[in-house]
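Below is one structure, written out as structure tokens; the observations come after it.
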Amino acid sequence: MSSLAQQISAAGLADHILSERQLGDLLGGGDARRYGLVNRALKDGSLLRVKRGTYVLGKRYRSATVHPFAVAQGLVPGSYVSFESALAHHGWIPEAVFETASVSPRRKTFRFETPDFGGFSFHPLAIKDYQFLTGVDRIVMGKLTAFVAQPLRALLDLVALRKEQWAGTEWLTRGMRIDDEMLFGLRRKDFAKLRPVYKHKAVNGFLASLESVVMAARKERSADD
């Protein structure tokens with residue numbers, strides 16, 4: 001184990017995602033010394049670079065698995081996991097998702113490819129002020145945390161990203177392969193929470209149309225019982 005890995009472990013940060021600033025605070029000294037320690041650790045595999053300025057200890061030096069959702073948080077602080085990534089996490093879609101996709105507070109879409117954690121994408125959306133984390137949960141993943149959209153928020157984020165227009169539930173049940181039970185399990189409070197979130201009328205129209213269909217189906221089922 002490199003000297004750097006030993007210091008990270010001794011500080012209780014073995015399972016954390018580390019920024020350049022955190023390493024600087026931990027190691028002290030000048031930049032040249034820090035760069036030397038980092039480069040040696042990268043060469044012997046005790047330290048992995050997720051992106052420039054962001055690192056994790058190598059797998060054999062960690063006591064827990066680092067989830068890609070937590071890595072996404074480290075790559076772009078202030079972002080949250082959404083779209084198909086969150087839908088798959090909640091069991092709303094059956095397909096495996098090989099890229100961790102997030103909503104970003106920044107203005108441009110960008111991507112990272114990492115050899116150890118796969119691909120990551122970050123997308124801006126037109127969201128109203130103070131509504132960025134509405135319908136988003138803070139989830140504990142091992143020793144780290146990640147912000148992950150609730151199912152309906154993730155779905156509406158996807159609608160906003162793709163500029164989908166409401167055309168009935170077929171896109172959801174056939175295109176996305178979302179089970180009816182997931183949709184009809186939604187309640188009025190789930191829809192009400194998201195009404196103030198999006199700036200685009202089309203997304204709000206999609207939300208209203210979906211709510212109408214779901215509530216009608218719930219009423220019909222209740223009458224049958």
Taking the chain as a Gaussian network, Cα atoms linked when under 10 Å apart, which of 41, 167, 202 shows the biggest mean-square fluctuation? 167
Got a sec? Charge dipole of region 3-61, +1 on Cβ for Lys and Arg, -1 for Asp and Glu; which of 7, 26, 57 is way out at the positive end? 57
Among 73, 150, 165, which one moves the most in a GNM of the chain with springs linking Cα atoms closer than 10 Å? 165
Using the Cβ atoms and a cut-off under 13 Å, what net charge is assigned to the surroundings of residue 26, where Lys and Arg are +1 and Asp and Glu are -1? +1
Give the Debye-formula value of log10 I(q)/I(0) at each listed q (0.19 Å⁻¹), with one equal scatterer per alpha carbon of region 1-106, two decimals each. -0.94
Report, ordered by chain and residue number, the aspartates and glutamates lying within cross-link reach of residue 59, taken as a straight Cα distance under 15 Å and ignoring same-chain residues fewer than 8 apart. 15, 44, 116
Acute angle (nearest 10 degrees) that the helix 201-224 long axis makes with the longest principal axis of the chain, alpha-carbon atoms: 60
Summed over the other residues with a beta carbon less than 15 angstrom from that of residue 98, with K and R at +1 and D and E at -1, the charge totals -4
Rounded to the nearest 20 debye, dipole of the chain from Cβ charges on Lys, Arg, Asp, Glu: 820
Through the Karplus equation 6.51 cos²θ - 1.76 cosθ + 1.60, θ set to phi - 60°, convert the phi angles of region 128-144 into ³J(HN,Hα) values in whole Hz; use x for Gly and Pro. 5, 4, 6, 10, 4, 9, 5, x, 10, 10, 8, 10, 7, 10, x, 9, 10
For region 3-61, the Rg and Dmax computed from alpha carbons only, in angstrom: 10.0, 28
Within the chain, which is the longest segment containing none of the trypsin sites (Lys or Arg not before Pro) that sit in a DSSP loop and have at most 10 other Cβ atoms within 10 Å? 164-225
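Loop-only GluC sites (Glu not before Pro) in region 1-96, please: DSSP not H, G, I, E or B, and at most 10 other Cβ atoms within 10 Å.
95
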Two-site FRET efficiency, residue 221 against residue 108, from Cβ-Cβ distance with R₀ of 45 Å, rounded to 0.05: 0.55
Total formal charge among the other residues, if their Cβ is under 9 angstrom from that of residue 65, Lys/Arg +1 and Asp/Glu -1: +1
Residues with amide H under 5 Å from that of residue 137, placed H, sequence gap 5 or more: 148, 149, 150
Cα-based Lys proximity count in region 68-223, under 21 Å, for pairs eight or more positions apart or on separate chains: 16
For the chain, what is the largest minus smallest coordinate of the Cα atoms on each principal axis, given in angstrom and ordered from greatest to least? 69, 34, 25
Taking only Cα atoms, what is the 0 to 90° angle, nearest 10, from helix 151-162's long axis to the longest principal axis of the chain? 90
So what's the gap between the Cα centers of region 1-40 and region 151-208, to the nearest angstrom? 44
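Only the coordinates and a few stated rules stand behind these numbers; no lab work does. Because the structure is a prediction, the values reported are computed rather than measured. Positions of Cβ are backbone-derived with ideal geometry, glycine not excepted, and every protein chain shown enters the neighbour counts.
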